[in-house]
Structures are given as C-alpha cells and as structure tokens.
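Values in this text are rule-based calculations from the coordinates and carry no lab data. Since this is a predicted model, take the numbers as computed values, not measurements. Don't worry about glycine lacking a Cβ; one is built from the backbone with ideal geometry, like all the others, and counts go over all protein chains shown.
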Amino acid sequence: MKMMILSICAIGLASSALSQTAPAQNPNAPSNPAVSAKEGNNPGAPAPGANSFTEAQAKSRIEAKGYNEVMSLKKGDDGIWRGAASKDGKTHQVALDYQGNVVAK
C-alpha cells in the first residue's frame, strides 16, 4: 500500500513538473509584431495593415520621432496614416504604419 501511494505521488510530481515547461513556439506566428519594439523602422516601412492608432495617437507617435506641427493626418485604405510635419525647419510628408514605424519623404 505504501509503495502504491509513493508511486502515485511520484507520478503526480512528474506530471506537475512537465506541465510547467515553456510552451512551444508557434511556427505559424507572424514575424512582424503589431508595434515595433526596437529603435528605427522595420525594413519596407510603412507597412500596410489594420491600423488601430487613433489620430491623436498617430500624431503623438510622429511627434515622439522629433517632428512638430503635425497636420493633415488622414488614414488611408491601406491603414497607413499620412500627413505633413516639420523637422529641422523643413516640412516633410510623413507616414505612420500599424507597427508604429514613422517614415518621412
């Protein structure tokens, strides 16, 4: 009887330890996060996609990249916010994609 109880406890501990391992990486997960967590832009920015930034958030994100006088922001059918902004005394056309990449032309 003692042996059976010890065996059940050992099995319980082993299954508990196995269930706490890290989940396997999903090979089908997208490689492009919704918001870029690194400095700089992702290659190919601005990327089209479903953009959840509000106009105020888009303006704030552009300003955080050193632009001011952000104006005429419009979100296109491709999900990219476009407008004009000033930086270093010059006016630039700017774009903000769903990943938070700010691109100037």
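Numbers at a glance
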{"read-out": "Rule-of-thumb Rg ratio for the range 51-105 [Cα; 2.2 N^0.38 Å; N residues]", "value": "0.98"}
{"read-out": "Paramagnetic reach from residue 91 (point 7 Å along Cα→Cβ, amide N under 11 Å) across the range 46-85", "value": "71-72, 84-85"}
{"read-out": "Ranked by how many other beta carbons lie within 10 Å on average, peptides 55-65, 69-79 from highest", "value": "55-65, 69-79"}
